1. Would you be able to say whether some residue in the range 7-22 is of a type in the set (K, R) and free of Cβ contacts under 8 Å to residues at least 60 places away in the same chain?
2. Somewhere in the range 127-138, is a residue open to solvent by 80 Å² or more (accessible area, probe 1.4 Å) and either small (G, A, S) or within 22 Å of A81 (Cα to Cα) (or both)?
3. What residue, of D92, D106, is touching a residue at least 60 places away in the same chain (Cβ under 8 Å), farther than 19 Å from A64 by Cα and over 11 Å from the mean Cα position of the chain (by Cα)?
4. Could you tell me which of the residues G67, G88 is under 18 Å from L27 (Cα atoms), open to solvent by less than 20 Å² (accessible area, probe 1.4 Å) and assigned to a strand (DSSP E or B)?
5. What number goes with the only condition from (1) of a type outside the set (A, V, I, L, M, F, W, C); (2) in contact (Cβ under 8 Å) with a residue 60 or more places away in the chain; (3) open to solvent by 50 Å² or more (accessible area, probe 1.4 Å); (4) at negative phi that D153 does not pass?
6. When you scan the range 35-45, do you find a residue that is open to solvent by 10 Å² or more (accessible area, probe 1.4 Å), closer than 26 Å to A163 by Cβ, part of a strand (DSSP E or B) and among the hydrophobic types (A, V, I, L, M, F, W, C), even just one?
7. Taking the conditions exactly as written (under 21 Å from D19 (Cβ atoms), touching a residue at least 40 places away in the same chain (Cβ under 8 Å), out of contact with any Cys (no Cβ under 7 Å at 6 or more places or on another chain) and surrounded by 12 or more Cβ atoms within 10 Å (Cβ to Cβ)), does V120 satisfy them or not?
8. Give me a count of the residues in the range 91-117 that are small (G, A, S) and open to solvent by 20 Å² or more (accessible area, probe 1.4 Å).
Amino acid sequence: MRQAEAVNAQIRPARATDDAALAALDLRCWSVIAEVQPARQPGSPYFGSGQSPDDVLVAEIDGAVVGSTKLVRPTPVASNAHVQQIRGLDVDPDLRRLGIGRTLLDAALDLARSRQARKVTLRVLATNEPAQRLYLSARFIVEGRLAGEFFLDGTYVDDILMARVL
């Protein structure tokens, strides 16, 4: 387990029993600057459709889920098995800028190493500047930009591809 210094958050693997708390956090964190899909329906499950607790890390404070991130293989192709991909990083909006996101990110990098990954990738919308700053501070680099990849809230938004070699 990792510990976020500023707020004493514990990072741990997700459990199936976290489903409702993670779904509620995901809904609370949804933002037009960061999401390409509409907000989830209240009460919908978090796990399912190929998403498993094995791929999710949870940040909790005093037993309450306050953050999460997913780490998965980007493709099922054997020649790509050395790569892991971060798919989402959520921190309760009331607890942002306290180190929880960075602690989750560091834990995801540790998990990727334990899975024998040599590289971690992610995608972030150009409108999500706070996330970009976090990833750059963790030594991710921009590997590509898909201009106008998404049409969100009446605007074409670039998709930024970032990576870090481990």
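1. Checked against the condition, which is being of a type in the set (K, R) and free of Cβ contacts under 8 Å to residues at least 60 places away in the same chain, the range 7-22 yields at least one hit.
2. No, the range 127-138 contains no residue that is open to solvent by 80 Å² or more (accessible area, probe 1.4 Å) and either small (G, A, S) or within 22 Å of A81 (Cα to Cα) (or both).
3. Unique residue meeting the criteria: D106.
4. Working: G88 fails: open to solvent by less than 20 Å² (accessible area, probe 1.4 Å).
Going through G67, G88 in turn, the sole match is G67.
5. (4)
6. Checked against the condition, which is being open to solvent by 10 Å² or more (accessible area, probe 1.4 Å), closer than 26 Å to A163 by Cβ, part of a strand (DSSP E or B) and among the hydrophobic types (A, V, I, L, M, F, W, C), the range 35-45 yields no hits at all.
7. Working: under 21 Å from D19 (Cβ atoms): no; touching a residue at least 40 places away in the same chain (Cβ under 8 Å): yes; out of contact with any Cys (no Cβ under 7 Å at 6 or more places or on another chain): yes; surrounded by 12 or more Cβ atoms within 10 Å (Cβ to Cβ): yes.
No: the conditions fail for V120.
8. As a first pass, look at the range 91-117 and keep what is small (G, A, S): 99, 101, 107-108, 112, 114, 117.
From what's left, open to solvent by 20 Å² or more (accessible area, probe 1.4 Å): 99, 114.
The qualifying residues number 2.
The values are calculated or read from the model by the stated rules, or taken from the named source; none is laboratory data. Note that the structure is a prediction, hence the values are computed from the model and not measured. Because the Cβ atoms are built from the backbone with ideal geometry, glycine has one as well, and the counts that use them run over all protein chains shown. Note: accessible area is taken over every heavy atom of the protein model, side chains too, but ligands, DNA and RNA are not part of it. Shrake-Rupley method; radii C 1.70, N 1.55, O 1.52, S 1.80 Å.
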